[in-house]
Amino acid sequence: MTKRAVVLFSGGLDSTTCVAMAKARGFEPVCLSVAYGQRHAVELRKAREVAAALGVGDFREVSIDLRQVGGSALTADIDVPKDRPADEMSHGIPVTYVPARNALFLSLALGLAEVVGSTDIFIGVNAVDYSGYPDCRPEFIRSFEAMANLATKAGAEGARFTVHAPLSGLSKADIIREGVKLGIDYGLTHSCYDPDAQGRACGRCDSCLLRKKGFEEAGVPDPTRYTVGA
C-alpha cells in the first residue's frame, strides 16, 4: 500500500522538486498550499497548475491572513529588495522574511497529516542557496519534528512523524539538476516575490536572482517569463 505524505507546496521551483522527490520515494503526495495574503498570490494559481501536471490527486488550499500580522515585504506595504549582490543575500535576514511562516505552515501540514493518516511531511526548505531565513535551517526542522511527536494524538499513541527536507543540503543548481532528472517542467513554476500584473517574474528580487543563478550553474535553459528588460 502506498504511503501518503503531506507536501507543503507553493508552486515554486523548490517545492515542485520536493513533490517530485516524494513521488520518486514511493509516497502519494497530499499537496498543501497556503493563501496567507502574500503579494505574489499568482503562486497559488501556479500551484494548482503544477500539481495537476505532476498528477497530484489530493490538493488542499488553506487560507490564513498574515497581513494582519505584517512585518514582511510579502504581507505588508514594504518594498521588496531588488538587485542585491550575493554577499549581501548571504548575510542577515531580509525584509521578505515572514515571521514564523514555516512554523505555521508545518503546523498546518502536521494537522493535515493526522487527518489523512500520514506520518510523513515534506518541506522544500534549502540551507545553501537561500535568503537567510532562520526557519529554513536544519536545526529548526529537527526541532519541529521533535515537537510534532509530542504535540499530537498520533504521537501520543506511538506514531512517529518525520519531517523530510530533501533539498536542505543542495545548491539551487543541484536542485534543478535533480528536478530535470525527474522530468519537471520548470516553466510552469513561479518563484518571484514581486511579479507584475501578468504574473511575470521581476528578475531582480532575491528569489529571482537565486533562481537565475541556479539555472546558469546547472547548465539548464531558464524557462522563466521575466518582465521586459529584467
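The values are calculated or read from the model by the stated rules, or taken from the named source; none is laboratory data. Keep in mind the model is a prediction, meaning the values are calculated, not measured. No Cβ is skipped: glycine too gets one built from the backbone with ideal geometry, and neighbour counts run over all protein chains shown. Calculation scope for accessible area: heavy atoms of the full protein, side chains included, ligands and nucleic acids excluded. Shrake-Rupley method; radii C 1.70, N 1.55, O 1.52, S 1.80 Å.
Observations
- Taken as a whole, the condition of being more than 13 Å from the chain's Cα centre (by Cα), in contact (Cβ under 8 Å) with a residue 40 or more places away in the chain, surrounded by 15 or more Cβ atoms within 10 Å (Cβ to Cβ) and under 24 Å from residue 148 (Cα atoms) applies to residue 114.
- Conditions (1) part of a helix (DSSP H, G or I); (2) at pLDDT 95 or above; (3) under 28 Å from residue 79 (Cα atoms); (4) open to solvent by 10 Å² or more (accessible area, probe 1.4 Å); number of the one not met by residue 207: (2)
- The sole residue among 67, 142, 84 that is basic (Lys, Arg) and more than 22 Å from residue 191 (Cβ to Cβ) is 142.
- Among the residues of the stretch 177-195, those that are in contact (Cβ under 8 Å) with a residue 24 or more places away in the chain and either open to solvent by 40 Å² or more (accessible area, probe 1.4 Å) or closer than 24 Å to residue 120 by Cβ (or both) comprise 177, 178, 179, 180, 182, 183, 184, 185, 188, 189, 194.
- Test for residue 193: is it among the aromatic types (Phe, Trp, Tyr) and in contact with a His (Cβ under 7 Å, 6 or more places away or on another chain): yes
- Checking each residue in the stretch 1-34 for being surrounded by fewer than 20 Cβ atoms within 10 Å (Cβ to Cβ) and either at pLDDT below 95 or within 15 Å of residue 113 (Cβ to Cβ) (or both) picks out 1, 2, 3, 4, 28.
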